[in-house]
Amino acid sequence: MGAAEERYPEAFEGGVSHPPLWRDALFWLAIGLTIFAVAPFLLPGYFWGANDARHHVYFLFEYDRLVQDGIWWPRWSPDFAFGYGYPFFNIYGPFSHFLGELFHYFLGFDFTDAVEAVFVISIVASAGAMYTFVRSWLGQAAALLAALAYTYAPYHLLNLYVRANLAESMAFVWLPLCLWTARRAVMRPAYRWVVGLAVSYAGLMVTSNLVVVLFTPLLAGYILLLTLLYAQPEVKGSWAKVRAWLRTLAAPALGGMAGLGLSAAFWLPAFTERQYVRIDQWFDGRYAYRGHFVEWHQFFSPTWGFGASVPGPDDTISFQVGAALVVFGVLGVLFTWERLDRARREVLYFIVAAAAGLFVASVSAAWLWELPVIGDVLQAAQFPWRWLVITTLCVSLLAALVGHRSTVQETQHLSLPLLTFAALLILGSYPYLRVEIREPAEGPVSLAALMRFQQSADEMTGSTAWVKEIPTWSPMADYYIGQEQAGGPVQPVDTKLDYSIFDYETFGASSVAHSTISEEVFYYNGRESPQRLVFNHFYYPGWNAYLLDGEHGRRIQQLPVIPEESGTLGRMTVEVPPGSGYLLLIYEDTPPRIVGGVLSIATIGLLAIGGAISFIIRHRRQ
């Protein structure tokens, strides 16, 4: 038992002891009651018309293409941008699609079923995570209501069924886990909570590096608040108190830094190499934040639709907070405020955070988005309404107060009031528990279908910084469509050498071996001058070229890879010397990727050593 728990038992597990989680009947009830949110994903077919539903199928399709070549941590997506390639998984959290690949690769799920399976996991796991956090704070009854409020919050359902955003839906799992482990690290400092916070924060980072930017200020502020509330030392003197507070902050701070270390293999190259992609595609035009602020009435409108966010107040999708959540939150605060003691300040913190999330998403905050520094942080959300993830998290916690032991008797068995509250939370969002099953407009998942999707939707055509004009088609796309029209299976291209701009038949160049991240080329040159090979790959750091000693020999010389000087595509070119030889073009790690990987491995090692030391110390004390 930690010192904070001894001084303030009412703020720890609702002031009562609970059975282990696996023996907690209300925990399993909370998991079971997610069935209504899971059910739409059990329908036959797939919701191809949802905003990002197609995207995530083809994200997984690309992930699998790389896994087939033995790459389980992919960074380059060879078929995006009509086959010119894009460093998608270098800048986009891969964890959700890694889970999907496990279902596809090991269990034989097709791509759509694998994506739906990850959505199901996100629903069940987010409910379990929220229950675990709130049980340790307000007790079991409140935890049940928090889990249901979180699961059936309209913005959560919007992410699941309308936006179909797999990464953000999975991020819902990590948010309460971060709050739970951070609170434990402050109130009951122990090494396992340091590790728990590290894993939770790293998990959020590699799941959605966008949501982590929105959530980190909330998490940091919560840790600071807990320290001030529950770690006030029984000593006199300002400096003594400051030292005690710093000692208390050590555990959660170490957990946060370890989380950054664990995820460094992803975030370090994502941050440092972001400058090499064109971000104007994703923050200008129809993606510009100025057209996506929410009118205040929309937060409380019951309107529900399956369209997309558009400039102005006439969106065909909903940005409501949820009537049931708002009512429960207000009643919970009113009923428990006088009895919460120090936890009252925690409640106030989440009230302010919920209101702040609404404000920065609203039209009233448009001026705030234009300010330096503050505006940069807000714009990380891309769309203002994305800040509703913070409001949803906080309002779900406030709604749980209706189940606090001061209102509902603390028990691991159902009572009539608790059952009534749980039913109302589910029924409040029941009309929204539906998906629109459609047939894929592009046809069955294949490389040809991916090309048609990119052309019709103008999506997944991200470009690197050297591309002057975003392509609308490519020779690779022609190749895939031609294979499909011929009636055969659609297979990857055999080479990305551009044969159209050079007389390769005269001077010679042909692909010997080609994969998702490499190409081996045999060339011969009858001239005395060097020969320049052009590849249908966007230029991007990490692509390297080597002369080989024989067809499968060792690397004997590295050659410069430079973007083409003419044209608008910024493709990679390699100048090979006169004569003949073999050239290997391959995508490799850059210094940030190497350093990030070393940091992640070193953090794992340090956490393991710390765990061994902690175990030895506990064993000797027994």
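The values are calculated or read from the model by the stated rules, or taken from the named source; none is laboratory data. Nothing here was measured: the structure is a model prediction, and the numbers come from that model. Using ideal geometry, Cβ is built from the backbone for each residue, glycine included, and neighbour counts are taken over all protein chains shown.
Can you tell me which residue within segment 312-339, out of those that are crowded, with 20+ Cβ neighbours inside 10 Å and of a type in the set (A, V, I, L, M, F, W, C), is farthest from the chain's Cα centre (by Cα)?
By that ranking, first place goes to 328.
I need the full set of residues from segment 421-455 which are of a type in the set (Ser, Thr, Tyr) and either assigned to a helix (DSSP H, G or I) or assigned by TED's automatic domain parsing to the domain that holds residue 104 (or both), in order please.
429, 430, 432
What residue, among those in segment 402-420 that are under 21 Å from residue 330 (Cα atoms) and part of a loop (DSSP other than H, G, I, E, B), is modelled with the highest pLDDT?
404
Any residue at all in segment 456-476 that is surrounded by fewer than 18 Cβ atoms within 10 Å (Cβ to Cβ), in a helix (DSSP H, G or I), of a type in the set (A, V, I, L, M) and modelled with pLDDT under 95?
Within segment 456-476 (the criterion being surrounded by fewer than 18 Cβ atoms within 10 Å (Cβ to Cβ), in a helix (DSSP H, G or I), of a type in the set (A, V, I, L, M) and modelled with pLDDT under 95), the answer is yes, since at least one residue qualifies.
Examine segment 176-185 for a residue that is touching an Asp or Glu at 6+ places or on another chain (Cβ under 7 Å), buried (at least 24 other Cβ atoms within 10 Å of the Cβ) and under 20 Å from residue 212 (Cβ atoms), and state whether such a residue exists.
no
Among the residues of segment 285-318, count how many are farther than 16 Å from residue 388 by Cβ, part of a loop (DSSP other than H, G, I, E, B) and among the hydroxyl-bearing types (Ser, Thr, Tyr).
Number of matching residues: 1.
Would you please list the contacts, defined by Cβ atoms under 7 Å and residues six or more apart or on different chains, that run from a residue in segment 372-395 that is assigned by TED's automatic domain parsing to the domain that holds residue 158 to a residue that is modelled with pLDDT under 90?
382/282; 382/283; 382/287; 383/309; 385/309; 387/381
So that you can scan it fast, the table gives a plain yes or no per residue for (1) among the polar types (S, T, N, Q); (2) touching an Asp or Glu at 6+ places or on another chain (Cβ under 8 Å):
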{"site": "438", "(1), (2)": "no, no"}
{"site": "446", "(1), (2)": "yes, yes"}
{"site": "479", "(1), (2)": "no, no"}
{"site": "485", "(1), (2)": "yes, no"}
{"site": "510", "(1), (2)": "yes, no"}
{"site": "521", "(1), (2)": "no, no"}
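Among what's in segment 46-72 and is part of a loop (DSSP other than H, G, I, E, B) and over 20 Å from residue 108 (Cα atoms), pick the residue that is nearest to the chain's Cα centre (by Cα).
52
Six or more apart or on different chains, Cβ under 9 Å: which pairs go from a residue in segment 339-353 that's closer than 13 Å to residue 329 by Cα to one that's surrounded by fewer than 19 Cβ atoms within 10 Å (Cβ to Cβ) and of a type outside the set (D, E, K, R)? Could you list them?
Once the first residue is closer than 13 Å to residue 329 by Cα and sits in segment 339-353, its partners that are surrounded by fewer than 19 Cβ atoms within 10 Å (Cβ to Cβ) and of a type outside the set (D, E, K, R) give 347/337.
Among the residues of segment 477-499, write down those that are out of contact with any helix residue (DSSP H, G or I) (no Cβ under 7 Å at 6 or more places or on another chain) and either surrounded by fewer than 16 Cβ atoms within 10 Å (Cβ to Cβ) or at pLDDT below 90 (or both).
478, 482, 485, 486, 487, 488, 489, 494, 499
State which residue pairs qualify: first residue part of a helix (DSSP H, G or I) and inside segment 568-595, second residue modelled with pLDDT of 95 or more and among the basic types (Lys, Arg) in any location, beta carbons under 8 Å apart, and separation of 6 or more residues or different chains.
593/75
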